[in-house]
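> My structure is below; once you've seen it, I'll send some questions.
The values are calculated or read from the model by the stated rules, or taken from the named source; none is laboratory data. None of these values were measured; they are calculated from a predicted model. Ideal geometry is used to build each Cβ from the backbone, glycine not excepted, and the neighbour counts take in all protein chains shown.
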Amino acid sequence: MSDNYEQAILDVASHVFETSAFLSVYPLDEGGELPPPDFCATMTFRGAADGRVSMRIAGEVLDTIVDNVLEMDSDPEEQMKRRNDVLKEMLNMLCGNLLTAHFGSNPVFNLSPPEVIESAEMPAPTSAEVHHVLLNIEHTLAEVMFEVQNQKNS
Amino acid sequence: MAYNILIVDDSALTRTVMERTVRMCGVEISEIRTAEHGKAALAVLEDFWPDIVFCDINMPVMDGLQFVQTLKDSSEWSDLPVVIVSTEGSETRMEELRRNGVQGYIRKPFAPEDVATMIQQVLGAKNNV
């Protein structure tokens, strides 16, 4: 993957997490071992190109955002619902902002609702063009995959 | 004058952040109500008269585009100011929404000052009519 794509994903992730949740995002320091991500969500886009954006992230990051914004809930079911809501909205913001960073502000895209992947495994890539970045979010490991296919040259 | 605000977004995170932001933006607020999608927002409008609506685009059941169109087609709500709050950054889509009567656009993630500026712009314009 080119450095430009890696930097664009890092920049967009930093903007999304810092502006909406006051959390810092850094490039992954290969020397350190970070707690692995245990939540995953994905969403697709259709328009000037088709594709998919997926994100894996640690539950403790989601809990931090829930705690800061929505407040933790003692009911495990409600707490899981809040984690998933945060996961989907962070991915939604990541996807929308990545599309603008990648394709500019003219094309119109239709976005699918984000879906939580129960297995927490990153989906297998289905596109020829796949950009995959590992990030350090609040000292935990996070993973973003940006897949692009059927790009229209209009 | 105190204002009524309606926030329409399927994300509890965004509804909560938006509600807090609106309360902090220096405008006197009477009441804030929220809805998870356009259809739920239409139900809220049966007994609530907002001065401004903040609405997401990508929502289940009834999305923001359908909701805006429903308001525009309604005799009761066709002049209700709607501000779109969305992750989408397409200027083409925003131009289409403006032609359909949308008053403004805030991109997610937003800073509190983005919301304050938009409220003052939209409600200020409304009060000058």
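> Go over the candidates A:L91, A:L70 one by one and state the one that is within 10 Å of chain B (Cβ to nearest Cβ), within 14 Å of the chain's Cα centre (by Cα) and without any contact (Cβ under 8 Å) to a residue 60 or more places away in the chain.
Being within 10 Å of chain B (Cβ to nearest Cβ), within 14 Å of the chain's Cα centre (by Cα) and without any contact (Cβ under 8 Å) to a residue 60 or more places away in the chain holds for just one of A:L91, A:L70, which is A:L91.
> Any chance you could count how many residues in the range A:47-76 are out of contact with any strand residue (DSSP E or B) (no Cβ under 9 Å at 6 or more places or on another chain) and on the phi > 0 side of the Ramachandran plot?
Number satisfying all stated conditions: 1.
> Any chance the range A:106-116 includes a residue that's without any contact (Cβ under 8 Å) to a residue 60 or more places away in the chain and either outside any strand (DSSP E or B) or facing chain B (nearest Cβ under 7 Å) (or both)?
Yes, some residue in the range A:106-116 is without any contact (Cβ under 8 Å) to a residue 60 or more places away in the chain and either outside any strand (DSSP E or B) or facing chain B (nearest Cβ under 7 Å) (or both).
> Can you confirm whether A:S119 is surrounded by 14 or more Cβ atoms within 10 Å (Cβ to Cβ), touching a residue at least 60 places away in the same chain (Cβ under 8 Å) and part of a loop (DSSP other than H, G, I, E, B)?
When the stated conditions are applied, A:S119 does not pass them.
> Also, I was wondering about something else. Restricted to the range B:73-102, and to residues that are more than 12 Å from every other protein chain (Cβ to nearest Cβ) and among the small types (G, A, S), which residue is surrounded by the most Cβ atoms within 10 Å (Cβ to Cβ)?
B:G101
> Yes or no: the range B:85-92 includes at least one residue that is in contact with a helix residue (DSSP H, G or I) (Cβ under 6 Å, 6 or more places away or on another chain) and within 16 Å of B:N4 (Cα to Cα).
No, the range B:85-92 contains no residue that is in contact with a helix residue (DSSP H, G or I) (Cβ under 6 Å, 6 or more places away or on another chain) and within 16 Å of B:N4 (Cα to Cα).
> For the range B:20-37, what are the residues that are within 14 Å of chain A (Cβ to nearest Cβ) and either on the phi > 0 side of the Ramachandran plot or modelled with pLDDT of 95 or more (or both)?
B:T34, B:E36, B:H37 - these are the residues of the range B:20-37 that are within 14 Å of chain A (Cβ to nearest Cβ) and either on the phi > 0 side of the Ramachandran plot or modelled with pLDDT of 95 or more (or both).
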